[in-house]
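Each remark here refers to the structure printed beneath this line.
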4 protein chains.
Amino acid sequence: MTARAGVVGFRGYSGAELVAILDRHPKVEPWLLEHRTDAGEKPRPQNAKTYPRVPCSAEVVRKERLAVVFLATPPEVSMELAPAMLEAGAKVVDLSGAFRLRTADNYANWYKEQHTQPELLAEAVYGLPEFYRQHISKARLVANPGCYPTAASLAIRPLVASAAADRSAGIVCDAKSGVSGAGRKPSLKTSFCEVTENFSAYSILNHRHVPEVLMNCGLDEKEFSFVAHLLPLDRGILETVYFRLSPGVDEATLASVYEKWYGHEPFVRLYEPGQVPDLHAVRRTNFCDIGLRADPKTGRGVVVAAIDNLVKGAAGQAVQNMNLMLGYPETEGLL
Amino acid sequence: MTARAGVVGFRGYSGAELVAILDRHPKVEPWLLEHRTDAGEKPRPQNAKTYPRVPCSAEVVRKERLAVVFLATPPEVSMELAPAMLEAGAKVVDLSGAFRLRTADNYANWYKEQHTQPELLAEAVYGLPEFYRQHISKARLVANPGCYPTAASLAIRPLVASAAADRSAGIVCDAKSGVSGAGRKPSLKTSFCEVTENFSAYSILNHRHVPEVLMNCGLDEKEFSFVAHLLPLDRGILETVYFRLSPGVDEATLASVYEKWYGHEPFVRLYEPGQVPDLHAVRRTNFCDIGLRADPKTGRGVVVAAIDNLVKGAAGQAVQNMNLMLGYPETEGLL
Amino acid sequence: MTARAGVVGFRGYSGAELVAILDRHPKVEPWLLEHRTDAGEKPRPQNAKTYPRVPCSAEVVRKERLAVVFLATPPEVSMELAPAMLEAGAKVVDLSGAFRLRTADNYANWYKEQHTQPELLAEAVYGLPEFYRQHISKARLVANPGCYPTAASLAIRPLVASAAADRSAGIVCDAKSGVSGAGRKPSLKTSFCEVTENFSAYSILNHRHVPEVLMNCGLDEKEFSFVAHLLPLDRGILETVYFRLSPGVDEATLASVYEKWYGHEPFVRLYEPGQVPDLHAVRRTNFCDIGLRADPKTGRGVVVAAIDNLVKGAAGQAVQNMNLMLGYPETEGLL
Amino acid sequence: MTARAGVVGFRGYSGAELVAILDRHPKVEPWLLEHRTDAGEKPRPQNAKTYPRVPCSAEVVRKERLAVVFLATPPEVSMELAPAMLEAGAKVVDLSGAFRLRTADNYANWYKEQHTQPELLAEAVYGLPEFYRQHISKARLVANPGCYPTAASLAIRPLVASAAADRSAGIVCDAKSGVSGAGRKPSLKTSFCEVTENFSAYSILNHRHVPEVLMNCGLDEKEFSFVAHLLPLDRGILETVYFRLSPGVDEATLASVYEKWYGHEPFVRLYEPGQVPDLHAVRRTNFCDIGLRADPKTGRGVVVAAIDNLVKGAAGQAVQNMNLMLGYPETEGLL
């Protein structure tokens, strides 16, 4: 029998992607949970597929025995809904930033508002399966990582952990994202005429995703520079990581470090020297593709990582986490 | 009376841009110089503007008294044509990489072919007016800078010269360019379906534009990392420069450094703290827009520079150089 | 001395285009008229060009002696502002639909609201210079045509007037526009992620621009079919017109009909048989490009017309009208 | 046991799409058949999925017992390969135009070259399952329809067959396609810089897909006008069909006509009045979405049809045909 998986925020880009992935998943059935403004729209075309659609409430979740609820909602809504969903017996995967940082102080510092659920914050497990698989499989509440930190952490952690990079010189992450990362709410910034044939930097050195990367990679903020950029395309994130090679490190060393970290990972694909990922390679997949380059003559190294921000950077990773939490094979519905 | 300015390679993107700029220039008249495959095409529509069109030969250049010839051609063609054009009495602005580096050895090292005109290479002046205005105004042969090095050098040189950046930690330049930078010749890489909704890195740590930046900024190759990326848009380059702040440097210091370097430059526009350039701001202009950010708490700094690769990165700067070489006001036809 | 030209709605796409065109116009100086929400924004970058900026009121217009005021505003705002601006002594070019139709009833029928200025409606002159040049030059109030009707009317009127088309079989106009035609106000429909890699039809057989075409071409609504489509690009309109050839009409006949109508027009360019306009050809120009095709074997004909919706379809044509109204050469500032 | 399905031309856009669809198909296994220039490329990334890859020859096809061979090749290559593949015991689905028309004369007329396999041409079945399902299921050789005719025929045939349209006034089909329809071979026409922010008409009244539509809909060439246009996007075709309503036909009549034709079709989706398909709705699906509009007051009607040119317009429909030819459920692998 299939489990029921509720989705709050199913009209947003991440939420809609979640529903599409869950629809293909052999072991679960997507249920749409209507919250506030999610008034019923007519399906288009008339014979389009539809899903069970119920109000988002603890009563409904308990009565319908939803096994898991995905919150594809803003942080303040996630903080409001998570406790009720958990109490109604569902496991929760939250796609917002509400439960990603470890302390309420750190949250207040980066998100500029008080955290209203500090106990849940303490309980939540950070949902990057490649690093925290064991904890995730036992968690009630998983904080799905930010899109930028997913690619950045997978790219940088092996460098730091293996000391292949000389972190004293600083590690730079230049990140570029498609527009869907900004959500579906209309704004001038994401209007077609403002974005097409344009490219811009934003959140220079102060993006709220930075603390996630520091946490995952064990870096100090003085060792890390991050700038986000907006690409004139729908979906995809590519990050270019720059670092100084530690003495004696060459391309073969780098390759073996990443092979050791990710050789058996189902959703990380390594490129051979001379090959580099691009966004087409990861589009609509749950893969994080990684390419490496080292130039021992100048002592400089570069790692390029690419993901689909709506899949490995959001909905796909959320389902990967759900698979772990419900005891399904980790890749179920994702290949 | 207007001077005649010949354009070789007028069918390419840079060449066509040159013709358009020269057409608006009050003191010159564009002449199309047909070289090899530039067979006559019918103008479209029938009443479109046309220009004098003659074979590209020393005889024609001499007889028609062209004051200047622009070579919007590949390096090997520029090496072939430059001597003849100079001998025919024209000044030459070469938009290729043929005459940008200082020695034939360095050229052979980066361009993987022998330089056939080492004496002219020695004579050529590098045409970045903001740095080399005096030399340009006396030159017969000017090497128009590469598109990437134009933005990179304008962004980085003040940092190095003022020691605002701690170069021992390395300077990173993450560069992104529109597709017109790759030229007009059809290739799979620049095909619409390969580029749209895509983004990729290329020439990782070994782009042939690197030595120009090193030369302009006085950097050693161990101090500089450069990766080029292909944006899914027509025109524009945005470069994000990362560095460690020297002790005591904050945003006000940075601002005053750049103000000193560029406060009187007609084609460099500085942004106030908190404002950042984007590609729309420089589209179809000869401006290089520069934004600054320093975070003394972490000791990190960022400079963002934006240009139109076909204007300040090619045809516009070529005309700026021509203005200097022919004794016209530097901004003539460019504002 | 230059005349002062006020622009209301200068933050919209048409308004901004107007300011840019007026800035290049040798005989006028743009003044920004702040209406309601047009609060002062800081220019970006700091040394960007700025213009006189004053409140939009009859007092200011009278005191500063503005010669003309452009209303790049919604119809209801235009109806409100036009009388005051006229009374303050300025001529008015309205870019909205407020004064394009001939009667208040027809307006109410298509715009679904009452017209509040029926006398001005009766006085207003429809501003398509190629057809109504004489009236425009004497007008106080000119209704600038809609973007779609500009291309459609220029393409269709010669067909009807010359009887080259057999109108009894109906004339079809399939129209495609870039996103800037929808204005700058953020909406889901014009969000990047909804538009990129998408294409859609809208206002099928009931677009409010239809009555302008009927009026200009002398067609009955039973003889005309019009569907608008949204292109995933910034600016440009291309319309494909289908009709049945009248007996004896071939490509040469068609060509001579259009040559007679437009051979001396400065802003209409005709293509030779086999050549067809596209949006790049008219981008950022005030031209309407027209291509023709007739197939006597099947008795079918096609006319393709292309304009830049923000120039010939809005701001450029508005300046063309202003030139006529103020007695300047019609092409001043537009070539 | 799964059947083996060979793909010739697997590097092209249609061929690659075919391999991807076959890969998801539970009953077949894709085999790559190398023809001429299909030299082996290294997979990217290193752990990417690979498929059996063998030379394209009758011997291999016979020995490996391929059940079906798809020819995603130019017409002249298809004419060369089809006989050999059939003789080797495989059924053949040809995606080119080689076997779509009924006579060698008609082929020569539209394709401007002689047909070299007139007997096979006579035997071939036109592969539009919604119209010719029974014949396809018994065929050895199926000619997969052109992308434009697929949408056009599905949109127009019910109009003609039911006499809901007054064909004496002519039927107009304005067709717009994404760039992948032009194939993967680099050309200036499909270069990014030429296509982005552009839109153009081509093959005006003489596209070689026209005879397929005439054949499928029973129209005479005097009754049909067709113009193709190039959209600045990757994949998708939208066609807008204009016609005069026969007396007494209204929107309800139209809806019931299409409901009767397509109500039970798995791959045609009908929209309710007021709703219209767009390209996002059909992207990466095998659906043809159809919207209807009738305006009895003016006697005009419009049908809008949308498909993904690489799926329902090529690879998806080819697999739909294969399902019929091999006795599988028609929707297998396609939903």
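Read the figures in this text as sums done on the coordinates, not as results from a lab. None of these values were measured; they are calculated from a predicted model. Neighbour counts run over all protein chains shown; Cβ positions are idealised from the backbone, glycine included.
P(r) for region A:147-309, from all Cα pairs and a bin width of 5 Å, is 2, 9, 18, 22, 19, 15, 9, 4, 2, 0, 0 %, short bins first. For the set A:Lys189/C:Lys27; C:Lys260/C:Lys297; A:Lys297/D:Lys185, the pairs lying more than 30 angstrom apart at their alpha carbons are A:Lys189/C:Lys27; A:Lys297/D:Lys185. Label points for D:Thr50 are taken 7 Å from Cα along Cα→Cβ. From this copy to the others they lie 4.9, 5.7, 6.5 nm apart, shortest first.
Order these by the 10 Å Cβ neighbour count, fewest first: B:Asp250, A:Asp234.
Numbers: B:Asp250 14, A:Asp234 25.
Sorted ascending by nearby Cβ count, the order is B:Asp250, A:Asp234.
Using the per-residue mean of other Cβ atoms lying within 10 Å as a proxy for protection, in what order, highest first, do the peptides D:203-212, B:86-95, D:49-58 fall? Please report the intermediate quantities before stating the final value.
Numbers: D:203-212: 20.1, B:86-95: 22.2, D:49-58: 13.9.
Top to bottom by mean Cβ count within 10 Å: B:86-95, D:203-212, D:49-58.
In terms of its C-alpha gyration tensor, region C:116-237 comes out oblate, because a/c is 1.5 or above while a/b does not outweigh b/c. Residues whose amide H comes within less than 5 Å of that of D:Leu233, counting only those at least five positions distant or on another chain, are D:Val179 (H built at 1.01 Å from N in the peptide plane). Cα centroid separation, region C:50-88 to region D:274-296: 44 Å.
The residue in chain B that lies nearest, by its beta carbon, to the axis linking chain B with chain C is given here with the distance in whole angstrom as B:Glu197, 3.
Label-point distances for A:Thr331 to the equivalent site in the other copies, using a point 7 angstrom along Cα→C-beta, read 2.8, 6.2, 6.7 nm when ranked shortest first. In a reduced charge model with +1 at each Lys and Arg Cβ and -1 at each Asp and Glu Cβ, the protein assembly as shown shows a dipole moment near 0 debye about its Cα centre. Within straight-line reach of C:Lys176, meaning a Cα separation under 13 Å, sit the following aspartates and glutamates at least 8 residues removed in sequence or on another chain: C:Asp234, C:Glu239, C:Asp278, C:Asp308, D:Asp174, D:Glu197, D:Glu239.
Net charge around A:Lys27, counting only other residues with Cβ within less than 13 Å of its Cβ (Lys, Arg = +1; Asp, Glu = -1)? All intermediate terms of the calculation are to be shown ahead of the outcome.
Details: positive: A:Arg4, A:Arg24; negative: A:Asp23, A:Glu29, A:Glu330, A:Glu332.
Net of charged neighbours comes to -2.
Does region A:67-183 classify as rounded, prolate or oblate by the C-alpha gyration tensor (a ≥ b ≥ c root eigenvalues; a/c under 1.5 gives rounded; else a/b over b/c gives prolate, otherwise oblate)? Intermediate results must be reported in sequence, preceding the final value.
Numbers: a/c = 1.89, a/b = 1.64, b/c = 1.15.
Here region A:67-183 falls in the prolate category.
Over region C:147-309, what is the relative contact order in percent, taking alpha-carbon pairs closer than 8 angstrom and at least six residues apart? This gives 30 percent for region C:147-309.
Relative contact order of region C:57-198: 17 percent, from C-alpha pairs under 8 Å at least 6 residues apart in sequence. Just so you know, the averaged projected area of the alpha carbon convex hull for region A:175-238 sits at 4.7 nm².
Distance between the pseudo-spin-label points of A:Arg284 and A:Met215 (7 Å out from Cα toward the beta carbon): 3.3 nm. Between B:Ser168 and B:Ser57, full extension at 0.36 nm per residue minus the direct alpha carbon distance yields a gain of 34.9 nm.
From the largest down, region D:109-161 spans 35, 29, 18 angstrom on the principal axes of its Cα atoms.
Normalising by the residue count of chain D, find the relative contact order in percent from Cα pairs under 8 Å and 6+ residues apart. Each step should come with its number before you reach the end.
Numbers: 717 pairs, mean separation 59.3, N = 335.
Normalised by residue count, the contact order of chain D is 18 percent.
Projection of the Cα convex hull of region A:216-335, averaged over all directions and equal to a quarter of that hull's surface, yields 8.9 nm². Each copy carries a label point for C:Lys189 at 7 Å from Cα toward Cβ; from one copy, the others' points are 2.5, 3.3, 4.2 nm away, ordered from shortest. Overall, region A:167-250 carries a charge dipole of about 240 debye about its Cα centre when +1 sits on the Cβ of Lys and Arg and -1 on the Cβ of Asp and Glu, all other atoms neutral. DSSP assigns beta bridges within chain A; of those with both partners inside it, close to 45 percent run antiparallel. Which of rounded, prolate or oblate describes the protein assembly as shown when judged by the alpha-carbon gyration tensor and an a/c cut-off of 1.5? Cα axes put the protein assembly as shown in the rounded bin.
Size descriptors for chain B, from the alpha-carbon set: Rg then Dmax equal 19.8, 65 Å. Fully extending the segment from C:Glu76 to C:Glu113, taken as 0.36 nm per residue of separation minus the present Cα-Cα distance, adds 12.4 nm.
In region C:116-230, the DSSP beta bridges split such that about 25 percent are antiparallel, to the nearest 5.
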